[in-house]
Amino acid sequence: MKTINFVASIVAALGAAINQASANENVEDIFKNNCASCHGAQLQGAMAGSLLDTQWITDGSDKALANAIKNGLLDRGMPAFGHALTEQTIRTLVVYIRETSYNADTAKLKTPTLNKQFKTNRHNVNTQEVLSTKGIIWALDFLPDGSLIYTLRQGELWHVDDKGNRTHIKNTPKVWHRGQGGMLDVLPDPDYQKNGWIYLSYSKKTGKDKAGRDIGITAIVRGKIKNGKWTEQQTLFEAPKHTHKNRGWHFGSRFTIDGEYLYFTNGDEGHQDDAQDLTTQNGKVHRIYKDGRIPKDNPFYNKKDSLKTIWTYGNRNPQGLVKHPKTNQIWSTEHGPRGGDELNLISKGVNYGWPKTTFGMNYDGSPITPHTDLPGMQLPVHQWTPSIAVAGMNFYTGSQFKHWQGDLFVGSLAKKQLHRIRFKGNQVIEDEIILKGLGRIRDVVTAPSGELFITVNDRNSNTSKIVALSAQK
Ligand code: HEC
């Protein structure tokens, strides 16, 4: 394809009146009424020190900051708020400090110019536009012949051949394009050359609730592309009818394949308590065979009333799912509420805690829970507060970026960032923002050429680009 080939070359008032916080009060008001007189309205520091600069008297951990707020640092002039504020409100203050500090810090990052070189810690990088289209590209991937396939959320599947010719694939399933729903993930079978299977996820309208409002589900199918048409479709997963209640949110729906198994995510559909309920598909990672059969060794296969497809639970809305190229571990990124986006290592039968544990708070700044950690629930390997809105991701396995080998690249919607994550074993030792500001990054994939392809979307103009990152020699 023309484009892809082209790219290849391409404090004081110690007795300060402490305001009793009411349950609905949001964190901004609590801070303004209790803290701003000493720490400054923007947390920038006044009589007391700045809460933005990450220069801490305590050890700076979430626990230490919460403890300082609860018990005070009396010899330093920090009053104790433990009798006035609940544990969970104190938790929201910690989230708020993290959020404000991060935002002040990242506001300084420059947006790279397309088609110009920019620097990162380990590589100088070129960006090159591959293609531009109306609509929101939700997912992209490569077929073995080097050609590209991508989905448009409005309900379309596209193929781009090696000469850059684009084909709209006809006869794909009719999607329910509402809220966060539409045509979602696409993934070719690892044995595509032999079997031609392509896996698709989409939101499907299935009826009306008691109030007469449209409801739907996340549907998983596979099919083949023949002569520009979607054919031989097989339905692999549709949740049982009595569970249908999604009104347009948290469909999840990324997938990844490991051997004969197809893993896919189903968000909590906006019903957060469902994530702890094994009788619903919501807030789970599921495992089925590639042909839709259910493996008998799934963790809740024999548990009465549980959905047999469930592999893990307590997941809010995972929209990144990928298999590690060497260890075959399954990793997922999951959207937190306000704060607490997660990177999780997905293991059989594990409870990831949502909504009983989270590093975040409600969007209006009210608390969800004081707990980031509880017995029997798994902590994330890594978390982002504030939320960057984590989306698609990919382990870099190409030949071009010698110093990025095996690193995980994670796209972000709200913060418009691309993160490079380096692991030592299962621990994150680096989290670098590679680029910021080009647009909402929903998917990332390593191209056969060794370039890193990302999808960049501008919500206001309803347009998307596929952008290639190449190594500057
Ligand atoms: C009467 C003034 C005063 C008020 C009111 C106050 N602080 Fe402080 N705070 C201090 C002082 C003084 C320190 C010690 C360090 C410094 O000077 O920054 C401190 C330290 C802290 C620390 C520990 C920082 C570190 O370096 O480890 C946190 C967190 C904190 N305050 C949060 C809050 C929050 C949240 C509120 C409101 C609920 C609040 N403070 C209200 C004066 C105040």
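The values are calculated or read from the model by the stated rules, or taken from the named source; none is laboratory data. Just so we're clear, the structure is a prediction, and the values are computed from it rather than from any experiment. Quick reminder, even Gly has a Cβ in these numbers, built from the backbone with ideal geometry, and neighbours come from all protein chains shown. Side chains are part of the model used for accessible areas, which takes the heavy atoms of the whole protein and leaves out ligands, DNA and RNA. Shrake-Rupley method; radii C 1.70, N 1.55, O 1.52, S 1.80 Å.
Numbers at a glance
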read-out	value
Candidates Ala36, Ala80, Ala84 - the one that is in contact with a Lys or Arg (Cβ under 9 Å, 6 or more places away or on another chain) and near the ligand (Cβ under 10 Å from one of its atoms)	Ala80
Residue satisfying all of: in the stretch 57-69; in a loop (DSSP other than H, G, I, E, B) and open to solvent by 70 Å² or more (accessible area, probe 1.4 Å); farthest from the ligand (Cβ to nearest atom) among these	Asp59
From the options Asp443, Asp458, residue that is of a type in the set (D, E, K, R), buried (at least 24 other Cβ atoms within 10 Å of the Cβ) and within 18 Å of the chain's Cα centre (by Cα)	Asp443
Only listed residue being within 30 Å of Pro367 (Cα to Cα), among the small types (Gly, Ala, Ser) and outside the structural domain of Asn33 (by TED's automatic domain parsing), chosen from Gly181, Gly146, Gly77	Gly181
Criterion (touching a strand residue (DSSP E or B) at 6+ places or on another chain (Cβ under 8 Å), of a type in the set (A, V, I, L, M, F, W, C) and open to solvent by 40 Å² or more (accessible area, probe 1.4 Å)) met by exactly one of Ile294, Ile330	Ile294
Checking Gly376 against (1) at negative phi; (2) small (Gly, Ala, Ser); (3) open to solvent by 40 Å² or more (accessible area, probe 1.4 Å), the condition it does not meet	(1)
Selection status of Lys465, open to solvent by 30 Å² or more (accessible area, probe 1.4 Å), at pLDDT 95 or above and touching a helix residue (DSSP H, G or I) at 6+ places or on another chain (Cβ under 9 Å)	no
